[in-house]
Amino acid sequence: MAQALLFPLIESGLLAEPSVRAVVASDASAQRLCQQRPGLAVGVDAAAAWSCEAVLLAVKPQQLEALAASAPAPTGQEPPLLISVLAGVTVARLQRLFPGWRIVRAVPNTPCLVRAGLTGLAWGEGVSAPQQAWVQQLFAQVGEVLLLPESQLDAFLALTSSGPAFVALVAEALADGAVAAGLPRLQAHHLAQRTLAGTAALLQEQQLHPAQLKDMVSSPGGTTIAGLRALESGGVRAALIEAVLAAAERSRQLG
Ligand SMILES: NC(=O)c1ccc[n+]([C@@H]2O[C@H](COP(=O)([O-])OP(=O)(O)OC[C@H]3O[C@@H](n4cnc5c(N)ncnc54)[C@H](OP(=O)(O)O)[C@@H]3O)[C@@H](O)[C@H]2O)c1
């Protein structure tokens with residue numbers, strides 16, 4: 001996730017590569033990163049990050065406590081920024097773990113990799129207006145940015161961060177269906193992906209409610225309504241609702 005955010009920021013020129021310090025845990029990851037971006041300063045010592053004006057924290061939630069223990073209290077006049085993308089970890093907990101830092105809780109998603117992302121942001125205490133503007137500008141490089149009450153971030157994550165996996169599963173299943181109906185595998189995957197992308201574009205560009213689009217495609221006694229009937233008897237709608245609820249609940253547990 002750190003790479004998905006950082007690389008576009010460097011490529012857009014918003015961050016100068018020489019001003020960035022990348023820290024990972026293992027030598028193997030450091031080596032891989034050096035090969036990928038020879039101009040980037042990469043290391044395994046977190047001290048290199050703690051002295052920066054802003055830190056993007058993108059470890060797993062389970063790795064947070066050990067890492068926080070290595071962070072010194074900031075000494076400069078302007079408190080540094082800690083931008084956390086950790087699923088579920090609240091601003092209050094980050095403020096306890098990193099006293100003296102200004103906290104931003106960010107929920108980005110993997111389509112940020114292709115600059116089609118969504119990021120939800122919630123501010124901790126004392127994040128100044130220029131810091132807020134800078135953080136919004138950073139995440140705007142990789143997609144749309146939304147300012148949300150922190151209480152909504154778990155639901156936001158469940159839909160937007162876990163959602164790509166749910167949609168990918170739907171794409172895979174649709175392709176399996178097309179193979180079962182006689183199409184070659186590669187073509188089925190291509191067509192499933194184009195169908196999802198085209199549907200998303202149509203919903204967005206014509207500002208359609210999903211039910212309107214469904215009804216537009218379903219002629220009486222036709223093929224689509226036959227398929228929709230199979231989806232309803234398979235409980236697909238309920239399963240997707242439960243998937244988003246389960247992801248939101250898991251986000252709260254991780255925090
Ligand atoms: N994936 C998503 O769609 C998504 C969306 C929103 C938020 N998030 C959040 O983003 C975070 C990262 O997820 P991810 O999938 O990118 O995880 P990941 O691939 O495991 O990346 C975690 C990185 O943290 C490094 N790290 C671990 N402990 C460290 C330490 N003590 N010092 C320095 N570096 C350390 C790891 O280094 P090594 O490579 O050397 O192990 C690794 O590079 C998670 O908290 C997740 O909840 C993810």
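The values are calculated or read from the model by the stated rules, or taken from the named source; none is laboratory data. Being a predicted model, the structure only gives us computed values, none of them experimental. Glycine also receives a Cβ, built like all others from the backbone with ideal geometry; neighbour counts cover every protein chain displayed. Protein only, heavy atoms only, side chains kept; ligands, DNA and RNA dropped before computing areas. Shrake-Rupley method; radii C 1.70, N 1.55, O 1.52, S 1.80 Å.
With point charges of +1 on the Cβ of Lys and Arg and -1 on the Cβ of Asp and Glu, referenced to the Cα centre of the chain, which listed residue (Gly234, Ser19, Leu40) lies farthest in the positive direction of the dipole? Among Gly234, Ser19, Leu40, the one farthest towards the positive end of the dipole of the chain is Gly234. Distance from the C-alpha centroid of the range 178-255 to that of the range 38-85: 40 Å, rounded to the whole angstrom.
For the range 163-254, a Kirkwood radius taken over Cα pairs fed into Stokes-Einstein (25 °C, viscosity 0.890 mPa s) yields D = 164 µm²/s.
Net length available on complete extension from Ala92 to Leu240 is 50.2 nm, with 0.36 nm assigned per residue and the Cα-Cα distance removed. Rounded to the nearest 20 debye, the dipole magnitude of the range 163-254 is 60 debye, with +1 charges on Lys and Arg beta carbons, -1 on Asp and Glu beta carbons, and the Cα centre as origin. Under conditions of 10 °C and 1.306 mPa s, the chain yields 77 µm² s⁻¹ as its translational diffusion coefficient, taking Rh as the Kirkwood radius over Cα pairs in the Stokes-Einstein equation.
Placing +1 at every Lys and Arg Cβ and -1 at every Asp and Glu Cβ, with all other atoms neutral, what dipole size does the chain have around its Cα centre, in debye to the nearest 20? Display every interim value, and only then the final one.
Working: 16 positive and 18 negative charges, 53 e Å.
For the chain, the charge dipole is close to 260 debye.
Look at the dipole of the chain built from charges on Cβ: of Ile225, Trp50, Leu159, the Cα furthest out on the positive end belongs to Ile225.
When Lys214, Lys60 are compared by accessible area at a 1.4 angstrom probe, the order from most to least is Lys60, Lys214. Only Cα pairs under 8 Å and 6+ residues apart enter the sum, and on that basis the relative contact order of the chain stands at 16 percent.
Scan the range 73-109 for trypsin sites (Lys or Arg not before Pro) in coil per DSSP, keeping those whose Cβ has at most 15 other Cβ atoms within 10 Å, and list them by number. The qualifying sites: there are none. Across the range 130-255, Cα pairs under 8 Å and at least six residues apart give a relative contact order of 36 percent.
Give the residue from Ala28, Leu113, Leu6 lying farthest towards the positive end of the charge dipole for the chain; charges sit on Cβ (+1 for Lys and Arg, -1 for Asp and Glu) and the dipole is referred to the Cα centre. Farthest towards the positive pole: Ala28. Solvent-accessible surface (1.4 Å probe) assigned to Ile83 amounts to roughly 10 Å².
Taking only DSSP H segments of four or more residues, each worth -39500 (n - 2.57), what value at 222 nm results for the chain once the sum is divided by all its residues, to the nearest 500 deg cm²/dmol? Display every interim value, and only then the final one.
Details: 12 runs with 133 residues, N = 255.
Per the formula, -16000 deg cm²/dmol.
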